[in-house]
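Attaching a single structure in structure tokens format; questions to follow.
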Amino acid sequence: MGRRNPVTVGRRIDGEAVRGVKKWISIAVALALLIAGAACNSILEDEKRKESPHVASQNERPPEEQIEVSNYDELKAAIVSLIMDHEARGTCVINSYAGDVQEDVDRAGAEVMAEHPIGVFAVANIVGTATRLVTYYEVEINIEYKQTREQVESIVNVTTTRYLRTELQNVISDYREEAVLRTSLTVTESDIAGYVRDIYYQDPRHIVMMPVMVADTLPVSGNDRFITLHFVYMEQASVLRQFGASLMGYVRRSALAAGGENDAEILLSLVENLIGACVYDAGTARTINEYGAQNIAATAYGALVRGRAVGEGFAMAFKALCDELEFDCRIVLGSYGGMLHAWNIVYLDGYYYHIDAAMCAMNGVETAFLKTDLDIASRYLWDYPNSVRCNGPLTYEDVAGIEEVPVDVDSEDEENPDGEDGDGGEDIDAADGLDGSGGSDGVDGSDVGGGDDDGSLGGSGDAGGLGGAGGLGGAGDAGNGSGAGAGTGGDSVGDGAGNGGGSEVSGGANSGSGGDGVGDG
């Protein structure tokens, strides 16, 4: 019997069928995962919707942006801080506070408005509302202002007089109309006005015009105060700044134009250039009745740019020129001939001198350049006790190189037509009834004798000095009297008599001793 081939029992596995099964299995797994994810999301959403009420713990703190206070002083300080920042609304919280919170909030707001400088200055009303939130109070502060944010932010704290003057310098140099200062200095409105005046007269190059100033102090008493300064100008700030720019150009050009081999000659050149470019406005000078008047003629701008000024304008212009060349020059406020006037004091080679450029323009440079206190005392008035002494040796003639011509009164055989101090030499002729002759050998006999004509000095004049026989006969100036005088000299006597043709004064008699001669009038 032959051998049989084995037979496989069961279903034959087809490869395509297997791949189809795997595909369906993958799809089924993916669907299962999607269903599971949806279920999880549903669970999470349910968890999110489950909210429990918030219960504040006893140690919970308020939000960081809120101001936290714990007593009354801190509450007031919080209100002041809001005002300094010009905040219209702010919130603070109070923990463990002893007292009636709402009552203290109301009281703190009222005190800040009435007593604190920033409250008095800036605030119209303060309203505070306190709300209890479980373990602490939340206080909402609402502030109504009467000053702008810019005004509050412009407040400057000044702690020293020097800092105060510096701030005033900045304000009036920029022609601002208002300044607010916070200070504990004991200064008055008069003090501040004095500082403003000093700053103006010390810096005519950069400050064209001095303002009219009004000051308000809030509160009126107390160490911590706000001082509000209001400044008024006759021109707008923009116009005054343009004036200032023009003035600086003229100052630089005029200063550069000054020449000389030394400081004295440069100062003289400055004066001569100034009076050559500016005329003295006498009409305006008579109408100005206060220093620093807001009149262009009283400014350096008026003198250098407009070319017309009163004494103060000349003085301001001259100081501006001196400052440009670094001379020590000061403004002097006083009077001349009964009218308000200003001029300068300059320091030169170790001495101080007066220089009045306006009067140099009016009366000649020699009359008001490099003068001492004594030189001007009869015409000027100023605060002498508080001024430096002006007593330098230089004069205009020294600087200008002018030599004084000496008057020779001792030469012989000289006519003397003016009737004053004739020599006692020989044969001095009388002229027109003015002069007589002296003694022959006398010295310095100043004999005014009577002649034939009516002269300004009728009769005889001054008595002789050490010299010959001279007569002091009759009348003096335009005298209508007559007189006789005798002089003795050694061995002889001379007599003289004369009549004058004028009126009013009659002469007396004197005698003088001399040499061995005789003189007849």
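The values are calculated or read from the model by the stated rules, or taken from the named source; none is laboratory data. None of the values given here were measured: they were computed from a predicted structure. So basically every Cβ, Gly included, is an ideal-geometry build from the backbone, and we count neighbours across all protein chains shown. We work out accessible area using only protein heavy atoms, side chains counted, and drop any ligands, DNA or RNA first. Shrake-Rupley method; radii C 1.70, N 1.55, O 1.52, S 1.80 Å.
Could you give me the residue pairs with C-beta distances under 7 Å whose first residue belongs to segment 318-341 and is under 19 Å from D383 (Cα atoms), whose second residue is part of a helix (DSSP H, G or I) and hydroxyl-bearing (S, T, Y) wherever it lies, and which are 6+ apart or on separate chains?
I331/Y201
If we keep just the residues of segment 301-330 that are basic (K, R) and within 16 Å of D198 (Cα to Cα), which is most open to solvent (accessible area, probe 1.4 Å)?
Filtering segment 301-330 for residues that are basic (K, R) and within 16 Å of D198 (Cα to Cα), the one most open to solvent (accessible area, probe 1.4 Å) comes out as R330.
So if I check each of Q169, Q147, which one is out of contact with any strand residue (DSSP E or B) (no Cβ under 7 Å at 6 or more places or on another chain), closer than 24 Å to I83 by Cα and either open to solvent by less than 80 Å² (accessible area, probe 1.4 Å) or aliphatic (A, V, I, L, M) (or both)?
Q147
Let me ask you something else. Please go through segment 204-214 and pick out each residue that is open to solvent by 20 Å² or more (accessible area, probe 1.4 Å) and in contact (Cβ under 8 Å) with a residue 60 or more places away in the chain.
Residues satisfying the conditions are R205, M210, V212.
Output the residues belonging to segment 215-268 that are of a type in the set (D, E, K, R) and either open to solvent by less than 40 Å² (accessible area, probe 1.4 Å) or more than 30 Å from V120 (Cβ to Cβ) (or both).
R225, E235, R241, R252, R253, E261, D263, E265
Right, next: Taking segment 116-134 on its own, how many of its residues are of a type outside the set (F, W, Y) and within 34 Å of the chain's Cα centre (by Cα)?
Here the count works out to 7.
In addition: Could you run through segment 338-352 and say how many residues are hydroxyl-bearing (S, T, Y) and out of contact with any strand residue (DSSP E or B) (no Cβ under 8 Å at 6 or more places or on another chain)?
Matching residues across segment 338-352 total 1.
Which ranges mark the strands (runs of 3 or more DSSP E) fully within segment 309-398 that have 1 or more residues being within 25 Å of the chain's Cα centre (by Cα) and basic (K, R)?
Correct list: 329-336.
I would also like to ask the following. Pick from V112, V80: which is open to solvent by less than 40 Å² (accessible area, probe 1.4 Å), within 18 Å of D224 (Cβ to Cβ) and in contact with a Lys or Arg (Cβ under 7 Å, 6 or more places away or on another chain)?
V112
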